[in-house]
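S.K.: Would you mind keeping the following structure in view while I ask a few things?
The values are calculated or read from the model by the stated rules, or taken from the named source; none is laboratory data. Quick caveat, the model's predicted, so the values are computed rather than measured. Using ideal geometry, Cβ is built from the backbone for each residue, glycine included, and neighbour counts are taken over all protein chains shown.
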Amino acid sequence: MKKKYLFLIISFHFSGVWGQNTSNNRKVDSLLEAISSLQSPETSFYHKGMFPSQRGKHQMKEDDNVFFTSLIAFTLQNSKTGIRENNRILMDSICNGAIRNYRFYKNQKGMNTFNFWQTNPPKFFPNSNYLSRHSYFNVPDDADCTALIYLTDTSLWNNVSWLKTKLANHANLTTGRVKSTYNKYRDYKAYSTWFGKKMSIEFDICVQANILYFVFENKLKLNENDSATIALIKSLVLSGKYLRNSYFVSPSYKRPPVVLYHLARLLGRFQIDGLNDCREQIKRDIRIQMKKTTHFMDKVILATSLKRMGESPEPVKYPADLEKEMKRFVYFEADLFSPYARPSLKFISKSNVIAKPFYCKAYCLALLLEYETEINN
């Protein structure tokens, strides 16, 4: 009942009834209260402090993953500028509740890498009648979740150099060669999404942006893998492939607005030699996407991205039915085919036949809070 009540408040306040001139503090207050209300109490499925998410196209299944929970913590921790003290306290409480659960997703053998799903025992594709019963679908630890967890959990700061070495040990051409990319990029010693030895090397421009965020945030010495990753991203951006074939160069995120959001988040935070040449192209592409998209949440993340790139976007008008817009927002997709895709078969990735979209209402609210704090800073 509490959650339903808070969402009635959110839908009312952020619709045209409230309007664009409403106090930013009131918006942030309501958003934080709604995010907090969605943080799970102890249940038989979710640990206390986790954020529920769902996967599927037609029949939704509850999915207990650390990805969205760590992503919400990361988003909140980076949205504190200009926030009132009482909201900072609530933000810290939400984040601390999330961070306490990271241990359930730690590497099965005790190493300091992390999995998308719980590891001891493995709980991959929870609530699936088929996928969860076959170890073939048990994915290895991944660099995306691991980077987000390191960026939000200060207890891991002593391990950042170790993780840098670990990332290098699983980069392209270290133990294998990427096949699921364009031929011209197969000899780039760029970072891979996966840590598993038996998993194919995979490039994902959004995952690589998050890895570089981790590297630069921790002021780590750059190596040949960082240089190769930067060169790869630069080539994909300047050639236009990063948006024209976003489903192929970012198999876990797929969509142009989300790709632009990742790159703007990285470049809005850091000055990176090699990627600074991409700034004007990315800004132009954000403006183009803002004119093309009809989806509210896409407009939100694009406006946030444009602000991070030093521009002043037009305010995004909130819809009358905010919850409907959040329910259809796909930020992340699990593509079972992507590690084995070839350029000649990229149409399979584009079709999304094998992809499983994920949804998280609390993350949508975190993105709205991020937008409000970015626009008003």
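S.K.: Can you name every residue in the range 24-76 that is touching a Gly at 6+ places or on another chain (Cβ under 8 Å) and either hydrophobic (A, V, I, L, M, F, W, C) or in contact (Cβ under 8 Å) with a residue 40 or more places away in the chain (or both)?
M.R.: Q39, K48, G49
S.K.: I would also like to ask the following. Restricting to the range 147-178, give me the number of residues that are in a helix (DSSP H, G or I), hydrophobic (A, V, I, L, M, F, W, C) and in contact with a helix residue (DSSP H, G or I) (Cβ under 7 Å, 6 or more places away or on another chain).
M.R.: Summing the residues that are in a helix (DSSP H, G or I), hydrophobic (A, V, I, L, M, F, W, C) and in contact with a helix residue (DSSP H, G or I) (Cβ under 7 Å, 6 or more places away or on another chain) in the range 147-178 gives 9.
S.K.: Confirm whether D285 is in contact (Cβ under 8 Å) with a residue 40 or more places away in the chain and outside any loop (DSSP other than H, G, I, E, B).
M.R.: Yes: the conditions hold for D285.
S.K.: Is there a residue in the range 266-276 that is free of Cβ contacts under 8 Å to residues at least 60 places away in the same chain, of a type in the set (G, A, S) and either surrounded by fewer than 23 Cβ atoms within 10 Å (Cβ to Cβ) or closer than 23 Å to R328 by Cα (or both)?
M.R.: Within the range 266-276, one or more residues are free of Cβ contacts under 8 Å to residues at least 60 places away in the same chain, of a type in the set (G, A, S) and either surrounded by fewer than 23 Cβ atoms within 10 Å (Cβ to Cβ) or closer than 23 Å to R328 by Cα (or both).
S.K.: Sticking with this one: May I ask you to say which residue of L131, L163 is of a type in the set (A, V, I, L, M, F, W, C), within 20 Å of E202 (Cα to Cα) and either modelled with pLDDT of 95 or more or in contact with a Phe, Trp or Tyr (Cβ under 8 Å, 6 or more places away or on another chain) (or both)?
M.R.: L163
S.K.: Could you say which residue among I230, I201 is over 17 Å from the mean Cα position of the chain (by Cα), more than 30 Å from R100 (Cα to Cα) and surrounded by fewer than 23 Cβ atoms within 10 Å (Cβ to Cβ)?
M.R.: On the way: I201 fails: surrounded by fewer than 23 Cβ atoms within 10 Å (Cβ to Cβ).
Selected residue: I230, the only one of I230, I201 that is over 17 Å from the mean Cα position of the chain (by Cα), more than 30 Å from R100 (Cα to Cα) and surrounded by fewer than 23 Cβ atoms within 10 Å (Cβ to Cβ).
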